Amino acid sequence: MNDSSTGGYLAPAVDAPPAEDDALDDLVHDLIAGVTALAPDLVRPRWQQTVPKQPEPSVDWCAFGVQEQETDAGPAIQHDGADDGHDTYIRHQDIDVVCTFYGPRAKGYAQRLADGLAIPQNREQLQLQEMAFVGVGAIRPAPDLVNQQWVRRYDMTVTLRRKITRTYAVLNLKSATVATTTDSSTPVVGVSNIHS
């Protein structure tokens, strides 16, 4: 691990990244299954390495995918002077999740998710993951024609926001050599103790 005394690039001091990839899919899966009460095996990530067989048209189910992750414009960086010191980097990120509901009651499940995300107890579960519910887009019908049969399908986008916190080994500045130059005198060079 490097720190600010070495110069060059700094990697996070603690490898505790936010949930990404499969871990983020698992978190979103649990959210959708928990709020809609769909069976866990009927809530599926949209993009999987091995694509499972699609349920019959008579089965209600949901496919979801993390579509876009947009980071806010500027992080907050706070220095903690305890011990050797470190910087804490805090930023927020919006996550758009596209949810597609299929089956004879697809619209009802889409509406259940939209309504259920407003319930404080459901939002508290997100807060445990440093996440928050931001909003839901329109529920849009998008029926599929499969084997000469129309399958009910409704698409919606759920927007979540999460807090990303990382720690970097930016050490305390204990002293510095400074030079002050004025037009009428010779440069003054000395060591200043910042903490005295």
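The values are calculated or read from the model by the stated rules, or taken from the named source; none is laboratory data. Remember, predicted model here, so these are calculated numbers, not experimental data. Cβ sites come from the backbone with ideal geometry, for glycine too, and all protein chains shown count toward neighbours.
What the table shows:
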item	result
Residues being modelled with pLDDT under 85, surrounded by 15 or more Cβ atoms within 10 Å (Cβ to Cβ) and more than 21 Å from the chain's Cα centre (by Cα) - total across segment 58-93	2
Test: ASP183 is of a type in the set (Asp, Glu), modelled with pLDDT of 90 or more and either surrounded by fewer than 18 Cβ atoms within 10 Å (Cβ to Cβ) or in a strand (DSSP E or B) (or both)	no
Residue within segment 28-41 that is exposed (fewer than 13 other Cβ atoms within 10 Å of the Cβ), outside any loop (DSSP other than H, G, I, E, B), under 17 Å from the mean Cα position of the chain (by Cα) and of a type in the set (A, V, I, L, M) present	no
Cβ-Cβ under 7 Å pairs, at least 6 apart or on other chains, segment 166-180 side assigned to a loop (DSSP other than H, G, I, E, B), far side of a type in the set (D, E, K, R)	ALA169/ASP3; VAL170/ASP87; LEU171/ASP3; LEU171/ASP84; ASN172/ASP84
Identity of the residue in segment 97-123, touching a residue at least 24 places away in the same chain (Cβ under 8 Å), of a type in the set (Lys, Arg) and part of a helix (DSSP H, G or I), that ends up nearest to GLY135 (Cα to Cα)	ARG112
Which listed residue is farther than 18 Å from ASP144 by Cα and among the polar types (S, T, N, Q), from GLN54, GLN127	GLN127
Residue match in segment 10-22 (condition: touching a Phe, Trp or Tyr at 6+ places or on another chain (Cβ under 7 Å), at pLDDT 85 or above, over 18 Å from ASP96 (Cα atoms) and not hydrophobic (A, V, I, L, M, F, W, C))	no
